[in-house]
């Protein structure tokens with residue numbers, strides 16, 4: 001075990017992100033203004049919201065046609081029927097519906113409240129909502145490639161969002177998209193110090209990093225959606241892994 | 001947002017921990033040998049296992065009398081009936097029992113596989129198992145006080161364990177005990193940049209830090225159960241919070 005620390009820095013300076021910005025350029029500028037150089041062994045952790053905004057994943061609730069099913073669920077959970085319609089459009093399954101609670105399986109596989117459809121920090125009309133990126137792993141891979149093209153460096157990219165957990169209070173950051181990182185470390189076959197097989201056999205590297213990074217990004221007005229990480233062990237890097245690997249298959253879900 | 005990074009360092013050098021060691025002294029020695037000074041604004045994140053070992057939370061499975069209920073559950077999940085009896089003794093509720101799976105509500109409130117009873121990295125006979133500390137928040141508070149007494153510094157203490165999640169692959173670090181840290185940041189009443197109330201209103205600070213710290217501790221033979229964190233925002237510190245605050249009350253559990 002080396003004595004190299006893992007360093008996480010919340011990088012300020014990103015402007016409000018819109019559809020037509022060059023997100024790569026804005027990120028690189030913010031990094032440069034904060035004195036962060038980039039190495040292939042670094043990671044950039046990025047809040048989902050700016051990716052979704054750059055990809056114009058806005059929905060105008062006033063334009064939504066509400067189905068009978070959305071109306072019925074909205075009555076049960078007490079949410080805006082138009083919002084429920086949007087949530088259903090992003091989902092493959094309603095997991096729980098209760099007063100003030102609508103938990104679904106997102107089309108990406110995430111089990112999450114309100115399909116992670118977001119109405120905070122969305123500029124403009126109060127009837128605008130923001131969906132998750134269409135394919136966050138692809139978004140991460142594209143961003144990584146454009147950073148590589150601009151700088152010659154290809155840091156790992158993790159797109160984070162903050163989700164509630166069924167048995168814990170408070171939200172915690174989660175990796176919804178990733179490129180360049182070994183998202184899931186597989187220790188099957190490894191031994192403990194006594195030579196017995198390890199009970200814990202897979203480690204959610206990307207979620208663990210996303211948790212602390214999202215914490216540093218902050219959730220309030222002064223938040224910044226960009227964290228620079230340095231000091232990852234080299235075996236945490238991977239050219240082929242992505243965040244989809246972190247989804248537990250539906251057939252293994254004991255809590256549907 | 002200041003440009004102070006959060007730095008996490010896995011600190012090597014702790015010996016195998018047993019009941020009779022002076023854990024405070026061993027931790028302070030390991031820190032010193034790694035060149036880590038301590039500040040009141042630092043945090044020490046510590047793997048549960050060494051706390052449990054120092055508290056002699058071992059159970060000899062050969063001494064366990066198996067109840068009919070444990071025998072029945074063991075047949076359903078395919079686990080050692082003696083281990084199931086120990087798990088039941090640590091639990092208030094069986095949440096899921098399926099082949100190779102026994103998820104319970106631990107007496108501490110944690111919903112966790114096998115009541116977090118551990119058989120890896122437990123020295124001695126293969127029939128020895130290790131329970132969670134009796135009261136991990138109290139363990140954290142005691143350790144903090146003994147560090148304060150020895151050094152005049154009182155860093156935040158977080159006792160971590162790594163648990164599976166219902167819908168995600170891989171384990172992720174969780175805070176099971178804490179002292180000195182604002183475990184749960186309450187943003188209720190705060191606004192987003194548009195002045196609208198934030199949708200996300202509570203942030204699980206201790207779990208987020210535990211996630212990355214447990215990652216750095218490692219799960220394999222070369223792991224070290226001590227992480228030194230520097231650069232926490234001052235408002236993350238609290239003299240009164242603990243990890244029990246992160247338990248979602250049973251009455252709010254939609255996934256029992």
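Derivation of every value follows stated rules applied to the coordinates shown; laboratory data play no part. Predicted model, so just to flag it, every value in this text is computed and none were measured. Neighbour counts run over all protein chains shown; Cβ positions are idealised from the backbone, glycine included.
The figures follow:
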item	result
GNM result for chain B, Cα springs below 10 Å: residue of B:76, B:230, B:100 fluctuating most strongly	B:100
Inter-copy separations for residue A:60, label at 7 Å along Cα-Cβ, nm, ascending	7.5
Sites residue A:40 and residue A:72, calculated FRET efficiency, Cβ-Cβ separation with R0 35 Å, nearest 0.05	0.10
Nearest 10 degrees, 0 to 90: helix B:23-33 Cα axis against chain B principal axis	50
Chain B: angle of helix B:136-151 to the longest principal axis, Cα-based, in degrees nearest 10	50
Whole-angstrom gap from segment A:3-43 to segment B:55-114, using each part's C-alpha centre	47
Residue order, fewest to most surrounding Cβ atoms within 10 angstrom, among A:139, B:178	A:139, B:178
Chain A, relative contact order in percent, only Cα pairs under 8 angstrom and at least six apart counted	25
Shielding by partners, peptide A:241-253 (average Cβ within 10 angstrom, other chains)	2
On Cα atoms only, tilt of B:68-77 relative to the major axis of chain B in degrees	70
Those residues of segment A:1-43 whose amide nitrogen sits under 18 Å from the label point placed on residue B:4, 7 Å along Cα→Cβ	A:6-12
Extension reserve of the residue A:107-residue A:127 stretch, reckoned as 0.36 nm per residue once the Cα distance is removed	4.9 nm
Residue among A:203, A:112, A:11 with the largest mean-square fluctuation in a Gaussian network model of chain A, springs linking Cα atoms under 10 Å	A:203
Ascending count of other beta-carbon atoms within 10 Å, so fewest first, for B:196, A:82	B:196, A:82
A:207, B:137, B:62 arranged by Cβ crowding within 10 Å, fewest neighbours leading	B:62, B:137, A:207
